[in-house]
2 protein chains.
Amino acid sequence: MLKARVEIKLKKGIVDPEGKNIKKALNLLQFNEVKNVKVAKVFEIEIEGDDEEKARDRIEAMCRRLLANPVINDYKIDIIREND
Amino acid sequence: MLKARVEIKLKKGIVDPEGKNIKKALNLLQFNEVKNVKVAKVFEIEIEGDDEEKARDRIEAMCRRLLANPVINDYKIDIIREND
């Protein structure tokens, strides 16, 4: 069993309205030192099999087909070997 | 300027319906090797100041007051020093 960690974030230059609103909310709560907030999403995916190379290719395909929007998202894939 | 990375995820044992649905969708797309999916959220927060200890305390407070729900979420804070 392998575990993959996929982090999906907005590409540089894409406006992040959720982050902007969280920044505003934090400032309203007197956290005035907060200058910027960006939001990203992480998927931890458990995959059957032991072939890291193949797992990475499959996860790439998942990102392209479902997890990420190639117009606005960048993604980073880390494969973690599970001890079981 | 410091940057903090806050990862917010569901506590162990809390049902993750979004993850479950993504797993189902991936299986339907013929990614049958996917056995489990968990979803987490990352906030990248830029903070004025240079005191890492203080920044960590403030980020903790932000998590308690706004970013995380202590009933269902665990969070992890990493402080990254920016070179500027």
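The values are calculated or read from the model by the stated rules, or taken from the named source; none is laboratory data. On a predicted model such as this, the values are computed, not experimentally measured, just so you know. Note: ideal-geometry Cβ built from the backbone for every residue, glycine included; neighbour counts use all protein chains shown. For accessibility, only protein heavy atoms count, side chains too; no ligands or nucleic acids. Shrake-Rupley method; radii C 1.70, N 1.55, O 1.52, S 1.80 Å.
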For region A:32-47, what are the residues that are over 23 Å from B:ASN32 (Cα atoms) and crowded, with 21+ Cβ neighbours inside 10 Å? A:VAL34, A:VAL37, A:ALA40
Being of a type in the set (Lys, Arg) and either under 13 Å from A:LEU10 (Cα atoms) or more than 9 Å from chain B (Cβ to nearest Cβ) (or both) is the filter here; which residues of region A:55-84 pass it? A:ARG56, A:ARG64, A:LYS76, A:ARG81
Failed condition for B:ALA25, given (1) more than 16 Å from the chain's Cα centre (by Cα); (2) at the interface with chain A (Cβ under 7 Å from one of its Cβ atoms); (3) within 15 Å of A:ILE45 (Cα to Cα); (4) open to solvent by 80 Å² or more (accessible area, probe 1.4 Å): (4)
Residue under question is B:ILE80, and the condition is that it be part of a strand (DSSP E or B) and surrounded by fewer than 13 Cβ atoms within 10 Å (Cβ to Cβ); does it hold? yes
Of the residues in region A:40-54, how many are part of a helix (DSSP H, G or I) and within 11 Å of another protein chain (Cβ to nearest Cβ)? 1
